[in-house]
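Participant: One structure, as structure tokens, below. Some questions next.
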Amino acid sequence: MKSNKKISSLSNMSLKRRLFVAFIFSTFFPVTILFQYSVNSYKMSLLALFAVVLVIFVGWWFIFEVFSSIIRIHNRTQDALQHIEERGQPQNIGVKNEVERLDVVFNMLSSKVKESVEELKAVNSKTEELNRAIDQKVKILSSILDANVLFSKSAPTTEILQFLTERLKEIIQAKIVISFFGIKEGDGRLQFYYGISERVAASLLSEENIKELMEVKSIVVVDNKHKERDPSFIAGATGIKNFIINPVYLREEIVGFIIAGNSMDGFSFPYDIGDIFNLFSYNMSIIWERQRLYKRVEDLEINDPLTGLYNEGFFINRLDEEIKRSTIYQRPCGLIAVKVANYNDYKENIGFIELERILKKCVQIFKENLRPIDILGRVKEDTFGVIVIERNRRQSNYVAARLKDALYSFMEGSLSFAPAIEVAVAESPIDGASAAKLLECIQQQFKTNEI
């Protein structure tokens, strides 16, 4: 057990110390013993000779161990070179002994390690770049999905476009991102804008600037690498030096623009910035198209969704038609407006569901007190309108009073909340020869009642 520990301790010695011990045993001790015997003229006994031989053997054993370690290291380095397919290089440089060859091999391996470290750094850099690209793509996909969720929940178009503008600014890490819509060829008017204040919008999107901007038909990049001709007013109005202008198309028509940028010196946008802008502009154009289609559907609708009566737009068109017809046949045409003055109080106190029930009951009362030829509509949230066919002001006043009494009877009998009903009457052509003139006369009467 002890001998094993000694051998283990010897094997842990450094090569320099092993060589020193080998020198002591193989040279110093034997020479000292022989010198002692020669000086004193002693005859060397067998025991002394055996001791000298033993010391020399131990010394050479140490030397053998040292060079065995070197040979083992050399063989391992040769295996390492063979693994990296570089085994033939040491023989080609004229090195004949293992020690010098080992030095060459170590230098080569050190060079390979350095190259591997540099390659590893390059791989790490590419990995980080790839992770950033993946993170950016995830953010883009998340933004588009979130916008679609808002779209499916019938969120306002302005809210969705504002959300996409803010997310684009976060993704590309820009100082400013502006999106605006409602621009048509030759039209300097602006309907919606996002990402800028009203003051900046007034400076950036003036009629003259819009005309210059409309000349941009494809994406424009202005940075350290790209020096394209650009609208000169962008930098002055926004204070940014590097920017992108991306037109938003909808069926080959420019409906808006996205502008983004920063003021960094020597900055260049990444190569895929155009793809990001195209993706956002495409989704924004879809949202904008929904807004336009929704507006068209509203224009086509003729009925109020809550009461089923004619809505304001259709009612006014019918009023104009009846006024024209009465003018041709020289007959009067009356207009009655019935307003619930405390409508908002009703809505807050009884709730929407109960209010809907009351409005439908009011519609029933109107129909019971009007002729089939009279036209009933809901012209405002709190106001009903009646086109009284071939009735003058006096006759229309009589109908209005009857309607008011019927409504009071219903509301006072079924509700604890006191109603406040106002009526106004106008006649064509005395009060006006168009729907707009009659409605203006009605509004004036309501204002007089408030005073």
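Values quoted throughout were computed directly from the atomic coordinates according to the rules given, and no laboratory measurement underlies them. All values reported here derive from a predicted model rather than from experimental measurement. Note that each Cβ is placed from the backbone with ideal geometry, even for glycine, and that neighbours are counted across all protein chains shown.
Participant: Could you check the simple spin-label distance between GLU159 and GLN330, using points 7 Å along Cα→Cβ, in nm with one decimal?
Facilitator: Spacing of the two 7 Å Cα→Cβ label points: 5.8 nm.
Participant: How high is the FRET efficiency between TYR282 and LYS347 when r is their beta carbon distance and R₀ equals 41 Å, given to the nearest 0.05? Working shown, then result.
Facilitator: On the way: r = 41 Å, r/R0 = 0.99.
After rounding to 0.05, the efficiency reads 0.50.
Participant: Within 10 Å, count the other beta carbons around each residue, average over each peptide in 437-444, 395-402, and list them highest first. Kindly include the intermediate steps, with their values, before the conclusion.
Facilitator: Values: 437-444: 18.2, 395-402: 16.5.
The densest-packed peptide leads the list: 437-444, 395-402.
Participant: Which of LEU300, ASN317, GLY351 sits closest to the plus end of the dipole of segment 256-367, meaning its Cα is farthest towards the positive end, when Lys and Arg get +1 and Asp and Glu get -1 on the C-beta?
Facilitator: Result: ASN317.
Participant: Take MET284, MET411 and order them by how many other Cβ atoms sit within 10 Å, fewest up front.
Facilitator: Values: MET284 26, MET411 20.
Fewest-to-most ranking of MET284, MET411: MET411, MET284.
Participant: When Lys and Arg each count +1 and Asp and Glu each count -1, what net charge do the other residues less than 12 Å away from ALA122, Cβ to Cβ, add up to? Intermediate results must be reported in sequence, preceding the final value.
Facilitator: On the way: positive: LYS121, LYS126; negative: GLU115, GLU118, GLU119, GLU128, GLU129.
Here the charged neighbours net out to -3.
Participant: Anything over 31 Å Cα to Cα? Flag those among LYS324/LYS347; LYS153/LYS404; LYS153/LYS380; LYS153/LYS225; LYS153/LYS217, in the order listed.
Facilitator: Working: LYS324/LYS347 38 Å; LYS153/LYS404 40 Å; LYS153/LYS380 26 Å; LYS153/LYS225 43 Å; LYS153/LYS217 33 Å.
The pairs that break the limit, which is 31 Å between Cα atoms, are LYS324/LYS347; LYS153/LYS404; LYS153/LYS225; LYS153/LYS217.
Participant: Further question on the same structure: Once Rh is set to the Kirkwood radius over Cα pairs, what Stokes-Einstein translational diffusion coefficient, in µm²/s, holds for segment 156-297 at a temperature of 37 °C and a viscosity of 0.692 mPa s?
Facilitator: Numbers: Rh = 15.2 Å.
The calculation lands on 215 µm²/s.
Participant: Could you sort 331-342, 286-297, 131-142, 109-120 so that the peptide with the highest average Cβ count within 10 Å comes first and the rest follow in order? The partial results should precede the final answer.
Facilitator: Values: 331-342: 21.5, 286-297: 14.2, 131-142: 12.4, 109-120: 10.8.
For the peptides 331-342, 286-297, 131-142, 109-120, the packing ranking is 331-342, 286-297, 131-142, 109-120.
Participant: Which distance in nm do the two modelled labels at ARG251 and ILE56 give, with both placed 7 Å along the Cα-to-Cβ direction?
Facilitator: According to this spin-label approximation, the distance is 11.0 nm.
Participant: By count of other Cβ within 10 Å, fewest leading, how are ASP275, ASP345 ordered?
Facilitator: Details: ASP275 11, ASP345 14.
Sorted ascending by nearby Cβ count, the order is ASP275, ASP345.
Participant: Going by how many other beta carbons lie within 10 Å of each one, how would you line up ASP320, ASP304, fewest first? Can you show the working numbers first?
Facilitator: Values: ASP320 16, ASP304 20.
Lowest count first: ASP320, ASP304.
Participant: Given points 7 Å out from each Cα along the Cα-Cβ axis, report the LEU109 to GLU166 separation in nanometres with one decimal.
Facilitator: Placing both labels 7 Å along Cα→Cβ, they lie 6.0 nm apart.
Participant: Now a separate question. Once the convex hull of the alpha carbons of segment 312-450 is built, what does its volume come to per residue, in cubic angstrom? It would help to have the intermediate numbers written out before the result.
Facilitator: Values: hull volume 13.9 nm³, N = 139.
Convex hull volume per residue, Cα atoms: 100 Å³.
Participant: Which whole-Hz ³J(HN,Hα) couplings does segment 372-388 yield from phi under the Karplus relation 6.51 cos²θ - 1.76 cosθ + 1.60, θ = phi - 60°, glycine and proline marked x?
Facilitator: With coefficients 6.51, -1.76 and 1.60, one gets x, 7, 5, 10, 10, x, 10, 8, 9, 4, 10, 9, 9, x, 10, 8, 8 Hz.
Participant: To continue, here is another question. If r is the Cβ-Cβ distance from ASN124 to ARG290 and R0 is 35 Å, what FRET efficiency results, to the nearest 0.05?
Facilitator: Details: r = 45 Å, r/R0 = 1.29.
Once rounded, the FRET efficiency stands at 0.20.
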